[in-house]
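Asker: Mind having a look at this structure? Questions to follow.
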Amino acid sequence: MQDTLTIAGRSFGSRLILGTGKYESFANMRDAVVASGAEMVTVAVRRVDFDAPGEDITTFVPEDVLLLPNTSGCETADEAVRTARLARAGGLPEWIKLEVIPDSRYLLPDPVETLKAAKILVDDGFTVLPYMLPDPVLAKKLEEAGCATVMPLAAPIGSGRGLKLRDAIRIMVEEAEVPVVVDAGLGAPSQAAEAMELGADAVLVNTAIARAEDPVKMARAFRLGVEAGRAARLAGLIEEQEAAMPSSPVGGTV
Amino acid sequence: MSTVLVNGREQQVEAGDTVALLLERLGLESRYALVERNGEPVERARFGEVELASGDRLVVARPVAGG
């Protein structure tokens with residue numbers, strides 16, 4: 001049976017979602033997306049600078065890849081709702097990566113405003129994927145509000161520090177009835193694999209790929225890391241033991 | 001001629017000008033132009049019929065690279 005990820009009724013063969021920020025060029029980003037196998041990528045929404053309009057990023061995203069607009073830059077629920085509605089009206093998908101972040105040093109999301117915005121956006125017909133601190137209670141509330149996923153951070157955005165909040169994410173995985181997407185802070189494919197082994201349904205990666213020496217090769221490495229971690233999860237990991245357990249027969253030695 | 005504000009900048013428009021015409025004049029024939037008029041999002045399908053009025057405040061946005 002094929003192992004697919006389903007979010008809000010849509011199936012994805014890949015469990016790796018890419019952010020499109022921080023690449024040297026849109027062409028490089030496109031090549032990395034292709035190498036990663038990702039079927040969904042995030043984009044931000046910003047005012048047009050008429051003095052330097054630049055290229056249209058959407059023309060660099062492969063046709064069959066779903067665009068997931070985010071609400072980055074929004075510090076309140078009202079701002080996030082406004083941005084989501086603007087994106088939808090303009091023709092972007094009715095999916096939104098909800099991020100409400102009032103803090104610029106650690107870029108940690110505001111749980112109260114995030115929940116408030118999630119309720120409004122779900123009622124308004126959006127498929128909502130909220131970025132959050134890994135809080136199992138908040139995750140339940142977001143789920144009850146009708147969010148399509150919960151997306152806990154592993155570590156602060158762009159930090160590359162890996163699964164610093166591992167135990168809380170593990171509880172979320174245990175209790176969640178919607179897909180858990182580990183979003184932010186993963187710095188290496190091994191960390192993506194660890195998240196998948198822990199039971200995450202998918203991971204979202206941006207900086208670790210975009211800022212690698214070779215983003216296209218790193219995109220492939222993350223693809224393999226995610227696939228390995230998922231395969232390990234399905235295979236069933238052994239339980240950790242305090243002491244050694246011999247792999248060879250203990251008796252009959254010569 | 002009348003004046004509207006686009007991303008905080010004054011722009012001259014003529015009576016009957018639509019959102020679509022404004023976008024064309026601004027050189028934005030991109031696949032996704034996101035438009036808000038006086039605080040309300042404008043549906044893409046209505047860009048060709050929504051007429052601008054003097055004093056309108058418009059926000060023109062679009063998707064950019066981001067995580």
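Asker: Restricting things to alpha carbons, tell me how big the protein assembly as shown is in terms of Rg and Dmax, in Å.
Answerer: 22.2, 101
Asker: Order these by the 10 Å Cβ neighbour count, fewest first: A:ILE120, A:ILE209.
Answerer: Values: A:ILE120 17, A:ILE209 30.
Lowest count first: A:ILE120, A:ILE209.
Asker: Okay, moving on. Could the peptides A:100-110, B:1-11 be put in order, highest first, of the mean number of other beta-carbon atoms found within 10 Å of their residues?
Answerer: Working: A:100-110: 15.7, B:1-11: 13.6.
For the peptides A:100-110, B:1-11, the packing ranking is A:100-110, B:1-11.
Asker: Run lengths n ≥ 4 of DSSP H only: what is the helix-derived mean residue ellipticity at 222 nm for the protein assembly as shown, with -39500 (n - 2.57) per run over all residues, to the nearest 500?
Answerer: -9000 deg cm²/dmol
Asker: Which of rounded, prolate or oblate describes chain B when judged by the alpha-carbon gyration tensor and an a/c cut-off of 1.5?
Answerer: On the way: a/c = 1.74, a/b = 1.53, b/c = 1.14.
Since a/c reaches 1.5 and a/b is larger than b/c, the shape of chain B is classed as prolate.
Asker: Sort A:THR83, A:THR76 by Cβ crowding within 10 Å, fewest neighbours at the top. Walk me through the numbers on the way to the answer.
Answerer: On the way: A:THR83 27, A:THR76 14.
If I rank by nearby Cβ atoms, fewest first, I get A:THR76, A:THR83.
Asker: Could you name the lysines in cross-link range of A:LYS119, using Cα to Cα under 21 Å and dropping any fewer than eight places away on the same chain?
Answerer: Cross-link targets: A:LYS97, A:LYS140, A:LYS141.
Asker: Along Cα→Cβ, 7 Å out, is where each label goes; now give me the distance between the ones at A:LEU66 and B:GLU49 in nm to one decimal.
Answerer: For A:LEU66 paired with B:GLU49, the spin-label model returns 3.0 nm.
Asker: Can you give the average number of partner chain beta-carbon atoms within 10 Å of each beta-carbon in peptide A:50-59, as a whole number? Intermediate values should be presented prior to the final figure.
Answerer: Values: counts 8, 1, 0, 5, 3, 1, 9, 8, 6, 3.
Partner Cβ neighbours, averaged per residue: 4.
Asker: I'd like the antiparallel share, as a percent to the nearest 5, of DSSP beta bridges with both residues in chain B.
Answerer: 85
Asker: Please list, in chain and number order, the residues 5+ apart from A:GLY21 or on another chain whose amide H is under 5 Å from its amide H, with Hs placed from the backbone.
Answerer: B:GLY66, B:GLY67
Asker: Could you work out the mean count of beta carbons from other protein chains within 10 Å of each residue's beta carbon in B:36-44?
Answerer: Mean number of neighbouring Cβ atoms from other chains: 4.
Every number here is computed from the coordinates shown, using simple stated rules; none is lab data. Because the structure is predicted, anything quoted here is derived from the model rather than measured. Note that we place each Cβ from the backbone using ideal geometry, even for glycine, and neighbour counts take in every protein chain shown.
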